[in-house]
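A.B. asks: Pasting in a structure now, in structure tokens, and then I'll have a few things to ask.
The values are calculated or read from the model by the stated rules, or taken from the named source; none is laboratory data. The model shown is predicted, which means the values in this text are computed figures rather than measured ones. Note that we place each Cβ from the backbone using ideal geometry, even for glycine, and neighbour counts take in every protein chain shown. Only protein heavy atoms, including side chains, enter the accessible area calculation; ligands, DNA and RNA are left aside. Shrake-Rupley method; radii C 1.70, N 1.55, O 1.52, S 1.80 Å.
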Amino acid sequence: AQSVSQHNHHVILSEAASLELGCNYSYGGTVNLFWYVQYPGQHLQLLLKYFSGDPLVKGIKGFEAEFIKSKFSFNLRKPSVQWSDTAEYFCAVKRNAGNMLTFGGGTRLMVKP
Amino acid sequence: DVKVTQSSRYLVKRTGEKVFLECVQDMDHENMFWYRQDPGLGLRLIYFSYDVKMKEKGDIPEGYSVSREKKERFSLILESASTNQTSMYLCASTPGGELKGGELFFGEGSRLTVL
């Protein structure tokens, strides 16, 4: 079965620190990759996505993610976090055909002011 | 903006009760989904529907059923609630036959506690 792993369950950073959240998936075929974010008290929303082309994708609020096919990874990065980035982040994978997204377990990020 | 509305934000039910969770979307989306969200487990797909009266099992359908009588409405039913169904339930929708664009639009969630 396809699985998505997010190895960091909780991350605490100070403002201006750099962020990297790991995401690995197990499916060997063609995939589409996503990062979603859930700010406190809000609904989940799309942060960025990769379908094809440049493996480095840029999303909203200064986030980016790099798809490394050989490592089955899609890590999320931000050079300098802000207190407002405090949220839970979910990686998700979709097979090229089909209607199902498989989500990782999520990473709770707390940014200290 | 797409609006996905879940009827109840918070519910408390007793073991064995029947529970209905309703979800309505206002953007004429073909696909609708029910997930449950649990700490450390992320989101797990219970059921999804790609058209009226059509449904497909997700990863954890046991103990749940769904109903989609109208395009805009997708209901999740717990026939006999159990304590292990205490969770946050998220509804989502997306346009298109296949998951075009990959972006799911989520509701705010329904937190169910089963005593």
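A.B. asks: With unit charges on the beta carbons (Lys and Arg positive, Asp and Glu negative) and the dipole taken about the Cα centre of the protein assembly as shown, which residue among A:PRO55, B:ALA81, A:GLN6 sits farthest to the positive side?
C.D. replies: Of the candidates, B:ALA81 comes out farthest on the positive side.
A.B. asks: Just list whichever of A:LYS94/B:LYS3; A:LYS58/A:LYS78; A:LYS49/A:LYS94; A:LYS94/B:LYS57; A:LYS94/B:LYS70; A:LYS94/B:LYS53 have alpha carbons separated by over 20 Å in the model shown.
C.D. replies: Numbers: A:LYS94/B:LYS3 23 Å; A:LYS58/A:LYS78 10 Å; A:LYS49/A:LYS94 11 Å; A:LYS94/B:LYS57 16 Å; A:LYS94/B:LYS70 26 Å; A:LYS94/B:LYS53 24 Å.
Table pairs above 20 Å Cα-Cα are A:LYS94/B:LYS3; A:LYS94/B:LYS70; A:LYS94/B:LYS53.
A.B. asks: Same structure again: Loop-only GluC sites (Glu not before Pro) in the range B:1-69, please: DSSP not H, G, I, E or B, and at most 12 other Cβ atoms within 10 Å.
C.D. replies: B:GLU62
A.B. asks: Now for a separate question. Quick one: accessible surface of A:ARG95, probe radius 1.4 Å, all protein chains present, in square angstrom to the nearest 10.
C.D. replies: Counting only protein heavy atoms, the figure is 100 Å².
A.B. asks: How large is the dipole of the protein assembly as shown about the Cα centre if only Lys and Arg carry +1 and Asp and Glu carry -1, each at its Cβ, rounded to the nearest 20 debye? Display every interim value, and only then the final one.
C.D. replies: Numbers: 27 positive and 24 negative charges, 50 e Å.
Taking the Cα centre of the protein assembly as shown as origin, the dipole is about 240 debye.
A.B. asks: Same structure again: In what sequence, largest accessible area first, do B:THR83, B:THR113, A:THR102 appear using a 1.4 Å probe? Can you show the working numbers first?
C.D. replies: Numbers: B:THR83 85, B:THR113 50, A:THR102 25 Å².
Correct descending sequence by accessible area is B:THR83, B:THR113, A:THR102.
A.B. asks: How big is the A/B interface in buried accessible area, both sides summed, 1.4 Å probe, to the nearest 100 Å²?
C.D. replies: Numbers: alone 6300 and 6420 Å², together 10910 Å².
Rounded to the nearest hundred, the buried surface is 1800 Å².
A.B. asks: Here is a follow-up. Can you give me the % of accessible surface on the range A:4-112 that is carbon or sulfur? Probe 1.4 Å, all protein chains present, nothing else counted.
C.D. replies: Exposed carbon and sulfur together represent 53 percent of the surface.
A.B. asks: Sticking with this structure for a sec: Give me Rg/Rg_expected for the protein assembly as shown, where Rg uses Cα atoms only and Rg_expected = 2.2 N^0.38 Å with N residues.
C.D. replies: The reported ratio for this selection is 1.01.
A.B. asks: For all pairs of alpha-carbon atoms in chain B, what percent lies in each bin of width 5 Å, listed from the first bin to the last filled one?
C.D. replies: Bins of 5 Å from zero give 2, 13, 24, 27, 19, 10, 4, 1 percent of pairs.
A.B. asks: Which GluC sites (Glu not before Pro) in the range A:1-76 sit in a loop by DSSP (not H, G, I, E or B) and have at most 15 other Cβ atoms within 10 Å of their own Cβ?
C.D. replies: Qualifying residues, ordered by number: A:GLU15.
A.B. asks: Name the long-range amide H neighbours of A:ASN8: under 5 Å, sequence gap of 5 or more, or other chain; modelled H, no Pro or chain starts.
C.D. replies: Here the answer is A:GLY22, since their amide H atoms fall under 5 Å of that of A:ASN8.
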